[in-house]
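Data first, discussion second: the structure below is written as structure tokens.
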Amino acid sequence: MLKGKNIILGVTGGIAVYKAADLASKLTQAGAKLKVVMTKSGTEFVQPMTFEALTGNPVVTEMYGPKAPQGITHITLADAADVVVIAPATANIIAKIASGIADDMLTCIVLATKAPVVIAPAMHNNMYTNPITQENIQKLKKRGFHIIPAAHGRLASGDIGYGRLPDVSEIMGHIQTVLGKKGDFTGKRVVVTAGGTQEAIDPIRFISNRSSGKMGYAVAEAARDRGAQVTLITAPTSLPDPVGVEMVKIKSIVQMRDAVVKAVQKTDILIMSAAGADFIPKTTATQKIKKSDAGLTLELVKAPDILTEIKDGKFFKVGFKAETQNLVDNAREKLYKTNLDLIVANDVTKEGSGFGTDTNEVTIINKKGESEHLPLMTKREVADKILDRVVKLLPKRKK
């Protein structure tokens, strides 16, 4: 997503500059062509040499004078940018941009660029909540600037409140969301399910499976980064909520079914990557079941099959099949039974391809029964491979 993208990272004065250094490192590692532009106050907190070492590129700090880059002007940088990111953004820089002031390299770039601008405010709570700052933020939002809400927590002053610079992973998510707005899924609505459902035995215990939700979250983020409007229906996981994705959190397979049935009324694509329960307890105890030497016998009944219940919907349907044997045959059976357009099958007994891993090795089978094997790769790479096939087949689907 970020590879080869021309990104301007504006760094202004504030203690949160240390997070900007981490952001610069992460963007560079992701393959972005990063140019850091620092205000004078920004250099008072961290020396430009830090960003030069992290990015491998010279840092721009002045428009004129001996330290100004030869042949590089604010127009050159503004025209080349795919996105301009200001992190941290002080109350001062926000006020200047909102007023159209262009008195240094960074503000000139912002005024001259036609690229989207992402602003991550960071300041003391009193400054952030001040009506003037909030008015300036709202003004920028109305003008199309992408403002990342400040985080809540402990501030440099020791106070607790809003004004912290969000975590780098969240800022990265916002950058990817902005860059993906003109992707090949622009205008498409995508519903993704993720995680292993939890079926209650009593108020404390439940039956579940080993699914971590990583595959579904990767699919949701990949669709978002390609311009889709994404709804992620997820069972409990330890994963952070993806930025720019509508979250619907459920626990049981019945709750997931109800959420999916509602969501697909307005969707173009459904990707069922969740590991929903196949069997659920017939009854759920209202109080904790006490330990007994006699043991415990549970009566299980068949769980709702979501894909079977919605198999005739007018949207593109992708299913997943985790197996330990007869992978392709079992996947094809599910493909035809639930009227899927694609099914993604993986053998969870293979190293690196099971639950909880960051990688996956899958076989994708289409409606004709034709299979394509993908070697072991990251789940994000698998997600994009799946979406590559969806975008090709979607126009051909008969509704």
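The values are calculated or read from the model by the stated rules, or taken from the named source; none is laboratory data. Everything quoted here is computed from the prediction, not taken from an experiment. Cβ placement follows ideal geometry from the backbone for every residue including glycine, while neighbour counts extend to all protein chains displayed.
What number of residues within segment 300-352 are polar (S, T, N, Q) and farther than 28 Å from Pro281 by Cβ? Even if it seems obvious, please write down each step before you answer.
The initial filter retains those residues of segment 300-352 that are polar (S, T, N, Q), namely 308, 324-326, 330, 338-339, 346, 349.
Next cut, farther than 28 Å from Pro281 by Cβ only: 326, 339.
Selection size over segment 300-352: 2.
Any residue that is surrounded by 14 or more Cβ atoms within 10 Å (Cβ to Cβ), modelled with pLDDT of 95 or more and over 28 Å from Gly183 (Cβ atoms) - is there at least one of those in segment 291-300?
In the first step, residues of segment 291-300 are kept if they are surrounded by 14 or more Cβ atoms within 10 Å (Cβ to Cβ); the result is none.
Checked segment 291-300: no residue is surrounded by 14 or more Cβ atoms within 10 Å (Cβ to Cβ), modelled with pLDDT of 95 or more and over 28 Å from Gly183 (Cβ atoms).
State yes or no: is Ile119 within 18 Å of Thr61 (Cβ to Cβ), in contact with a Leu (Cβ under 9 Å, 6 or more places away or on another chain) and either aromatic (Phe, Trp, Tyr) or surrounded by 17 or more Cβ atoms within 10 Å (Cβ to Cβ) (or both)? Even if it seems obvious, please write down each step before you answer.
Numbers: within 18 Å of Thr61 (Cβ to Cβ): no; in contact with a Leu (Cβ under 9 Å, 6 or more places away or on another chain): yes; either aromatic (Phe, Trp, Tyr) or surrounded by 17 or more Cβ atoms within 10 Å (Cβ to Cβ) (or both): yes.
Against the criterion (within 18 Å of Thr61 (Cβ to Cβ), in contact with a Leu (Cβ under 9 Å, 6 or more places away or on another chain) and either aromatic (Phe, Trp, Tyr) or surrounded by 17 or more Cβ atoms within 10 Å (Cβ to Cβ) (or both)), Ile119 does not qualify.
Would you be able to say whether some residue in segment 50-70 is in a strand (DSSP E or B), β-branched (Val, Ile, Thr) and in contact with a strand residue (DSSP E or B) (Cβ under 6 Å, 6 or more places away or on another chain)?
Residues of segment 50-70 that are in a strand (DSSP E or B), as a first pass: 60.
If we keep only those that are β-branched (Val, Ile, Thr) too, we end up with 60.
Then keep just the ones that are in contact with a strand residue (DSSP E or B) (Cβ under 6 Å, 6 or more places away or on another chain); that gives 60.
Yes, segment 50-70 contains at least one residue that is in a strand (DSSP E or B), β-branched (Val, Ile, Thr) and in contact with a strand residue (DSSP E or B) (Cβ under 6 Å, 6 or more places away or on another chain).
From Asp82, Asp104, which residue is acidic (Asp, Glu) and out of contact with any Leu (no Cβ under 9 Å at 6 or more places or on another chain)? Give the steps one after another, and end with the answer.
Details: Asp82 fails: out of contact with any Leu (no Cβ under 9 Å at 6 or more places or on another chain).
Among Asp82, Asp104, only Asp104 is acidic (Asp, Glu) and out of contact with any Leu (no Cβ under 9 Å at 6 or more places or on another chain).
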Item to complete: Could you pull out the residue among Ile75, Ile119, Ile101 that is assigned to a loop (DSSP other than H, G, I, E, B), in the same structural domain as His152 (by TED's automatic domain parsing) and aliphatic (A, V, I, L, M)?
Response: Ile101
Worksheet item: Can you tell me how many residues in segment 308-321 are surrounded by 13 or more Cβ atoms within 10 Å (Cβ to Cβ) and closer than 16 Å to Gln265 by Cβ?
Response: 7
Worksheet item: Which of (1) surrounded by fewer than 18 Cβ atoms within 10 Å (Cβ to Cβ); (2) closer than 16 Å to Leu34 by Cβ; (3) not charged (D, E, K, R) is the odd one out, the single condition Asn92 does not satisfy?
Response: (2)
Discussion item. What are the pairs with Cβ atoms under 6 angstrom where one residue, in segment 19-37, is more than 16 Å from Leu106 (Cα to Cα) and assigned to a strand (DSSP E or B) and the other, located anywhere, is at pLDDT 95 or above and not charged (D, E, K, R)? Sequence gap at least six, or different chains.
Written reply: Lys33/Asn6
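Any residue in segment 340-352 that is on the phi > 0 side of the Ramachandran plot and either surrounded by 11 or more Cβ atoms within 10 Å (Cβ to Cβ) or of a type outside the set (A, V, I, L, M, F, W, C) (or both)? Explain how you work it out, then say what you get.
Here is the first cut: in segment 340-352, the ones on the phi > 0 side of the Ramachandran plot are 352.
Checking the rest, the ones that are also either surrounded by 11 or more Cβ atoms within 10 Å (Cβ to Cβ) or of a type outside the set (A, V, I, L, M, F, W, C) (or both) come to 352.
Looking through segment 340-352, at least one residue is on the phi > 0 side of the Ramachandran plot and either surrounded by 11 or more Cβ atoms within 10 Å (Cβ to Cβ) or of a type outside the set (A, V, I, L, M, F, W, C) (or both).
Restricted to segment 353-377, and to residues that are β-branched (Val, Ile, Thr) and touching a strand residue (DSSP E or B) at 6+ places or on another chain (Cβ under 6 Å), which residue is surrounded by the most Cβ atoms within 10 Å (Cβ to Cβ)? Talk me through it step by step, then tell me what you get.
The first filter runs over segment 353-377 and keeps only residues β-branched (Val, Ile, Thr), leaving 357, 359, 362-365.
In the following step, the residues that additionally are touching a strand residue (DSSP E or B) at 6+ places or on another chain (Cβ under 6 Å) were identified as 359, 362-365.
Values: Thr359: 17, Val362: 26, Thr363: 18, Ile364: 20, Ile365: 23.
By that ranking, first place goes to Val362.
Could you tell me whether any residue of segment 365-375 is over 19 Å from Val192 (Cα atoms), of a type in the set (Gly, Ala, Ser) and assigned by TED's automatic domain parsing to the domain that holds Gly216?
yes
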Response to the item:
Of (1) part of a loop (DSSP other than H, G, I, E, B); (2) in contact (Cβ under 8 Å) with a residue 40 or more places away in the chain, Asn360 satisfies every one except (1)
